[in-house]
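Below is one structure; the comments refer to it alone.
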Amino acid sequence: MYKNPLLQPGCTLSEAQVQQDFEDFYEDMFLELAKYGEIEELKICDNVGDHLLGNVYVKFHKEDDAQKAVDSLNNRYYAGLPVWAELSPVTDFREACCRQYDVSECNRGGFCNFMHVRKPDRTLVRGLFDGQDLTLREMRRVEREKRRTLERSRRTPSRTPSPRSPRHHRSRSPGH
């Protein structure tokens, strides 16, 4: 999904502009994927080999959320191209990442079968995850309030007025 502008012929963008382009993409992906559930990790490949080129990997807190994302995203398009989403058996991204690439020493190029993860600015990542945490806390607070209101309504007997019969006051004292 991610298309590194530096891989396009005739690219004249500076490294700073390419990084900004990437961070815009990262933020788009994070915000879109967060609609399906809590994100634990988001990794975007910057490999040049076709089998990993531009791949986006997300780890959700719940498997059900991952399945919802796959089901929904396979009916979507990004930048005019269809999105191809699938579940991955990878559970630990650290083992899937190229350690040589992380220290700028991978010499396998397009033949490397490990993820070359492009890194966004830390403050962007922190802001997105902090925002997600705030959103989740707010959602949980709202859910707790709904549950409490529902529980209160179940415990409190209904106070609907009963039909009243007219009262007739008769004096029962002798002689009247």
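The values are calculated or read from the model by the stated rules, or taken from the named source; none is laboratory data. This is a predicted model, so every value here is computed, not measured. Because the Cβ atoms are built from the backbone with ideal geometry, glycine has one as well, and the counts that use them run over all protein chains shown. Remember, those area values only see protein heavy atoms, side chains included, never the ligands or the DNA or RNA. Shrake-Rupley method; radii C 1.70, N 1.55, O 1.52, S 1.80 Å.
Summary table
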| quantity | calculated |
| --- | --- |
| Conditions (1) open to solvent by 30 Å² or more (accessible area, probe 1.4 Å); (2) of a type outside the set (Gly, Ala, Ser); (3) within 20 Å of Asp133 (Cα to Cα): number failed by Leu33 | (1) |
| Search result, residues across region 1-11 that are touching a helix residue (DSSP H, G or I) at 6+ places or on another chain (Cβ under 9 Å) and not aliphatic (A, V, I, L, M) | Tyr2, Lys3, Asn4, Pro5, Cys11 |
| Test: residue in region 63-71 that is of a type in the set (Val, Ile, Thr), out of contact with any Phe, Trp or Tyr (no Cβ under 7 Å at 6 or more places or on another chain), open to solvent by less than 100 Å² (accessible area, probe 1.4 Å) and closer than 22 Å to Asp133 by Cβ | no |
| Helices (runs of 4 or more DSSP H) lying entirely in region 78-161 (those with 3 or more residues that are of a type in the set (Ser, Thr, Tyr) and either open to solvent by less than 100 Å² (accessible area, probe 1.4 Å) or under 18 Å from Tyr26 (Cβ atoms) (or both)) | 122-155 |
| Odd one out for Gly49, checked against (1) surrounded by fewer than 16 Cβ atoms within 10 Å (Cβ to Cβ); (2) assigned to a strand (DSSP E or B) | (2) |
| Selection status of Glu23, closer than 25 Å to Thr91 by Cβ, open to solvent by less than 70 Å² (accessible area, probe 1.4 Å) and not β-branched (Val, Ile, Thr) | no |
| Qualifying residue in region 52-60 (condition: part of a loop (DSSP other than H, G, I, E, B), among the polar types (S, T, N, Q) and either open to solvent by less than 50 Å² (accessible area, probe 1.4 Å) or modelled with pLDDT under 95 (or both)) | yes |
| Some residue of region 15-28 being part of a loop (DSSP other than H, G, I, E, B) and either under 30 Å from Leu134 (Cα atoms) or modelled with pLDDT of 95 or more (or both) | no |
